[in-house]
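Down below is the structure, laid out as structure tokens.
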Amino acid sequence: MTTDRTTDIWGARTPHGRGTPWPARVDLHLADGLAESDVERWVRSACVLCSNGCACDIAVRDGRMVGIRGRAGDRVNHGRLGPKGLYGSWQWQDRDRLTRPLVRDGGRLAESTWDEAMNRIVRRSRELLDEVGALSHGFYTSGQLFLEEYYTLAVIGKAGLGTPHMDGNTRLCTATAAAALKESFGADGQPGSYNDIEHCDALFLFGHNMAETQTVLWSRVLDRLDGPDPPVLVAVDPRRTAVARAAADSGGVHLAPLPGTNLALMNCLVRELLERGWTDRDYVSVHTVGLDELTATVAPYTPERTAEICGVPAADLRRAAEIFGTSPRVLSTVLQGFYQSHQATAASCQVNNLHLLRGMLGRPGCGVLQMNGQPTAENTRECGADGDLPGFRNWNNTDHVHELARLWNVDPLTIPHWSPPTHAMQIWRYAEQGSIRLLWISGTNPAVSLPQLPRIRDILRAEDLFVVVQDGFRTETTELADVVLPAALWGEKQGTFTNASRTVHLSEKAVEPPGDARSDLDIFLDYARRMDFRDRDGAPLVGWSGPEGAFAAWRECSRGRPCDYSGLSYDRLRGGSGIPWPCTDKEPDGVDRLYTDGVFPTDPGFCEDFGHDLLTGAATPPEKYQAQRPDGRAFLKAAEYVPGPEQPDADYPLRATTGRTVHHFHTRTKTGRSRRLHDAAPRPWVELSTQDADELGVAEGDLVRVESPRGAVEVPARIGTTRPGVVFLPFHYGTWDVEADHGRAANELTVTEWDPVSKQPLFKLSAVRVTKVS
């Protein structure tokens, strides 16, 4: 590859018209000085640096990963890779890896053996089980492990220990996607398909900066925009991103609401469809419930009133509604701008409502993509490692609990189901209060990614909390752990993962992990063996010893559920492309779009959840759910807009929102070790509007101090990229400066508040002040 893809982000265009296949374009990058003929073998995998799940082949030479190329025949990427995939997926392998376990002695971490490290964990685990019971154990995992690892962890936690305290950093990025899908459709599972981009006439991006968060998917949009019959775009984002500029250029509209007002904006769009008659009345009558309540709830949200709440021109609101209401085929995508903001689930459900009102589900070009932020976030939800029960089962349905008990051959009372599973924010609160005394963190860096970092550091430092961290590198979090376990990373282990469009890929092992590092699966299996977890008949609870056995066990767990994997196998996944679930004997190639027949998984005996009040988060009792008689119909959920929990004032007059940048992933544990990606974005910054910068006397590049009631950061300023009253900071950068009264991490500023339904933190809603430093 000769072009620098850190600057040529989306690569060369391959324009095409509506309804025609997306042309292939194979992206390739090899280590300096190597040609394709120098590669000894190519190993099949898929990229794990965003939720797109681009199929790829890993180049191997002399036992090392030396490059990567996209796979032209795959349904997801048609050969393309983004900058993170090309430069960040494999170039970290020789950079300061963890190679041996570490244990804390005398206040310092020192190298140890696996026996010593695991014995310490098991000894403390057994002590706490004897003294306190299973509620003393908490697990906080990732959206970047493999399906087999999540399922094994779920069995250990739910059937071995019996703790409800299990969740992951997916709570920070994808919890609202799952919640909105359950509330509207009865179960998790992406209704739409990436293929809908080829067919749509209009594309709405709600809080989704696709150009930076999913670069290959955006290149797919750009190829439609550059071809005949391009779609009209509508972008909802307070920043003027590449997506927002493309929306204006397409004849669409950029809506830039004040952070925290998304629900008011969405209620206005729903109202306009209803008022203007842009609905499919027959579809709504046959396939939905809740129209009367929705109509009454959104009635006050006229474009004029909504303009006052959101700071968006009424004419722009009308134009956006007209595009949605009159376009023959509409595709909508939703991401963190909605998920990490105020009334997240309620706003995201309104996106579902727009599609239900127009009957735009299950047909080419008509779909909803409630997106994920991480490559395997879907698997945490499917397998139950996010706290839910495996297989999209309902914790409040006794029959579902008994199904799992029979599958695992354990007493149903062992499986925690007496109350909702513990979400991540509550897990950290329990650790803070001292009821959780062993916290096992796998594949994530909460000392940078969680909100209100001063609080998180205090929790991790607590003397009575035993912290286990497994990772591939030393991070801000490992430095606060009692035991650190070296984990194998992508390319160094085998397993499957499912992207945001339900497409399953197999990632083969390309090279050996460094030193004594082990796969996360082997670590969990070792813990299960040492704890001697048994089923009712005295057999080992976890009956597999490797990834393929774990996949076979999961396949049976998923059989008959919405996320049915029963038709999949490792051999089938070694074919030319990924395969979407549900995949069964009747649908051996998987299902591209859900709900083509207008029948939804809302039957009380089958659904994943009985729903909630979107305003308060109160759970709907099973009896009330059944009384609605959904009978396979979707729910038109409604909620009034209320102001967010933290508003600007005289001391903190601006609103801060956080997010991603194209060159980095999460807390940069991998991408920060890629020379190209690091050099492209080596340090954090803050974005200000031109108006706010002028009032503050700040110019491009000036060092400014951004303060909230919780903390401060000092970073250079970028001017003119966001709307007045709003500042933006990328969240990837950590490393606390203990000698200063500020750090670099955006989450020094953020508030410990969360959505009442999805429990996702409100990263987009901090009141701050900005002052010029130099």
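Derivation of every value follows stated rules applied to the coordinates shown; laboratory data play no part. Values in this document were obtained by computation on a predicted structure and should not be read as measured data. Neighbour counts are summed over all protein chains in view; Cβ atoms, including those assigned to glycine, are modelled from backbone coordinates with ideal geometry.
For this structure, a couple of remarks:
- Over the range 1-91, the hull volume per residue, using the convex hull of the C-alpha atoms, is 104 Å³.
- Dividing the C-alpha radius of gyration of the range 132-180 by 2.2 N^0.38 Å, with N its residue count, gives 1.22.
- Antiparallel DSSP beta bridges within the chain, as percent of all bridges there, nearest 5: 50
- Using only alpha-carbon positions in the range 501-624, the gyration tensor eigenvalues give semi-axes of 32, 24, 15 Å once each is multiplied by 5 and square-rooted (largest first).
- Share of alpha-carbon pairs per 5 Å distance bin for the range 399-488, given as whole %: 3, 13, 21, 18, 13, 12, 11, 8, 1
- In this structure the amide hydrogen of Thr477, modeled in the peptide plane, comes within under 5 Å of the amide hydrogens of Ala447, none closer than 5 places in sequence on its chain.
- Relative exposure of Asp592, Asp597, judged by other C-beta atoms within 10 Å (fewest first): Asp597, Asp592
- Dividing the Cα radius of gyration of the range 500-541 by its Kirkwood radius returns 1.15 for Rg/Rh.
- Burial ordering of Cys349, Cys54, Cys557, fewest other beta-carbon atoms within 10 Å first: Cys557, Cys349, Cys54
- Sequentially through the range 612-621, phi angles give Karplus couplings (6.51, -1.76, 1.60; θ = phi - 60°) of 9, 6, 5, 7, 9, x, 4, 6, 7, x Hz, Gly and Pro residues having no value and appearing as x.
- Taking the average, over residues, of other Cβ atoms within 10 Å as the packing measure, peptides 331-341, 262-272 rank 331-341, 262-272 from highest down.
- Charged neighbours of Pro730, selected by a Cβ distance under 11 Å, balance to +3 (K, R count +1; D, E count -1).
- Per the Debye calculation on the range 654-772 with a single equal scatterer at every Cα and no solvent contribution, log₁₀ I(q)/I(0) for q = 0.12, 0.13 Å⁻¹ amounts to -0.43, -0.50.
- Hydrodynamic radius of the range 182-227 per Kirkwood, over alpha carbon pairs, in Å: 12.2
- Among Leu233, Leu273, the order by Cβ neighbours within 10 angstrom, fewest to most, reads Leu273, Leu233.
- Dipole magnitude of the range 654-772, debye to nearest 20 (Cβ charges: Lys/Arg +1, Asp/Glu -1, about Cα centre): 620
- Principal axes of the chain: Cα extent on each, largest first, Å: 67, 63, 58
- Radius ratio Rg over Rh of the range 318-470, counting only Cα atoms, Kirkwood formula for Rh: 1.06
- Spatial separation of Cα centroids for the range 482-537 and the range 67-130, in angstrom: 9
- Among the helices of the chain, those built from whole DSSP H runs whose Cα atoms reach 20 Å or more along their own axis and whose mean Kyte-Doolittle hydropathy is at least -0.5 are 262-276, 344-358.
- Cα-based equivalent ellipsoid, the range 560-657: semi-axes from gyration tensor eigenvalues, Å: 38, 24, 11
- Listed residues Val483, Met65, Ala117: farthest to the positive end of the dipole of the chain (Cβ charges): Met65
- Protection proxy ranking of 634-640, 397-403, 757-763, by the mean of other Cβ atoms within 10 Å over each peptide's residues and highest first, is 757-763, 634-640, 397-403.
- Each of the peptides 722-733, 559-570, 442-453, 171-182 was scored by the mean count of other Cβ atoms within 10 Å over its residues; in descending order, highest first, they stand as 171-182, 442-453, 722-733, 559-570.
- Positive-pole candidate from Thr414, Phe139, Ser558, dipole of the chain, charges at beta carbon: Ser558
- Size of the range 440-516: Rg and Dmax of its alpha carbons, in Å, are 15.4, 43.
- Contact order relative to length of the chain, as percent, for alpha carbon pairs under 8 angstrom and 6 or more apart: 19
- Cross-link pairs exceeding 22 Å in C-alpha to C-alpha distance, out of Lys84/Lys772; Lys670/Lys759; Lys182/Lys624; Lys84/Lys493; Lys182/Lys759; Lys158/Lys764, comprise Lys84/Lys772; Lys670/Lys759; Lys158/Lys764.
- With a cut-off of 13 Å between beta carbons, the residues surrounding Gly578 carry a summed charge of +2, where Lys and Arg count +1 and Asp and Glu -1.
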